[in-house]
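Structure record follows, encoded as structure tokens.
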Amino acid sequence: MATTVQYATFYLDREYLGVDVLRVQEVLRKQIMTPIPQAPDDIAGLINLRGQIVTAIDLRRRLGMACLEADRDSMNVIVRGDEGPISLLVDDIGDVVEVPTDSLEPRPDTMSGCAAAFLRGIHKLPNSLLGVLDVDRLSRNGEEMGREGR
């Protein structure tokens with residue numbers, strides 16, 4: 001019997017991405033964010049999550065993508081990383097998808113840049129490709145992690 005894994009999915013522009021559903025704490029609409037002076041560009045700020053301070057990562061910037069249009073609000077996917085919860089700012093939320101564990105393929109060799117540094121692999125779905133993000137790498141300091149893929 002094949003084992004499966006579930007991913008909480010979301011969108012960044014036209015990219016369909018996911019993280020292991022077991023790492024997701026919750027999904028929230030736009031939150032009030034406190035900027036952090038002199039923080040790297042991909043750190044959007046801090047949010048107060050029921051008394052717990054959580055760092056919000058602008059996932060578009062961390063992956064080297066263009067910023068979200070000013071007239072659109074991002075959503076917060078709160079995930080449990082190496083050093084506690086972090087908020088990933090995403091464009092839109094998708095569904096939870098279940099796929100066979102052994103269908104994860106390595107990222108293409110032609111892929112480079114910041115996104116490649118944070119991508120664990122890709123699942124081929126019937127109508128799309130699902131990029132699986134590495135939450136532990138995302139939760140570490142993006143400044144040096146992002147440079148690895150450049």
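The values are calculated or read from the model by the stated rules, or taken from the named source; none is laboratory data. These numbers were taken from a predicted model, which means no experiment stands behind them. Because the Cβ atoms are built from the backbone with ideal geometry, glycine has one as well, and the counts that use them run over all protein chains shown.
Only one of Ser74, Ser103, Ser87 is at pLDDT 90 or above, among the polar types (S, T, N, Q), touching a Lys or Arg at 6+ places or on another chain (Cβ under 8 Å) and closer than 23 Å to Arg140 by Cα; which?
Going through Ser74, Ser103, Ser87 in turn, just one is at pLDDT 90 or above, among the polar types (S, T, N, Q), touching a Lys or Arg at 6+ places or on another chain (Cβ under 8 Å) and closer than 23 Å to Arg140 by Cα: Ser74.
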| said: Taking the criterion of being assigned to a strand (DSSP E or B), touching a residue at least 12 places away in the same chain (Cβ under 8 Å) and touching a Gly at 6+ places or on another chain (Cβ under 7 Å), would at least one residue in the range 20-42 satisfy it? | reply: yes
| query | Do any residues in the range 88-101 that are more than 21 Å from Leu63 (Cβ to Cβ) have Cβ atoms under 6 Å from those of residues that are surrounded by 12 or more Cβ atoms within 10 Å (Cβ to Cβ) and small (Gly, Ala, Ser), where the two are at least six apart or on different chains, and which pairs are they? | reply | Val96/Ala8
| request: Evaluate the following for Gly45: is it on the phi > 0 side of the Ramachandran plot and not hydrophobic (A, V, I, L, M, F, W, C)? | output: yes
| field | Subset tally (residues that are in contact with a strand residue (DSSP E or B) (Cβ under 8 Å, 6 or more places away or on another chain) and surrounded by 22 or more Cβ atoms within 10 Å (Cβ to Cβ)) for the range 58-73 | value | 3
| Meets criteria (within 15 Å of Leu133 (Cα to Cα) and modelled with pLDDT under 90) for Asp13 | no
| request: Tell me which residues, restricted to the range 93-107, are assigned to a loop (DSSP other than H, G, I, E, B) and exposed (fewer than 11 other Cβ atoms within 10 Å of the Cβ). | output: Pro106
| remark: Looking across the range 1-15 at residues that are crowded, with 19+ Cβ neighbours inside 10 Å and not small (Gly, Ala, Ser), the single one that is nearest to Gly64 (Cα to Cα) is Leu12
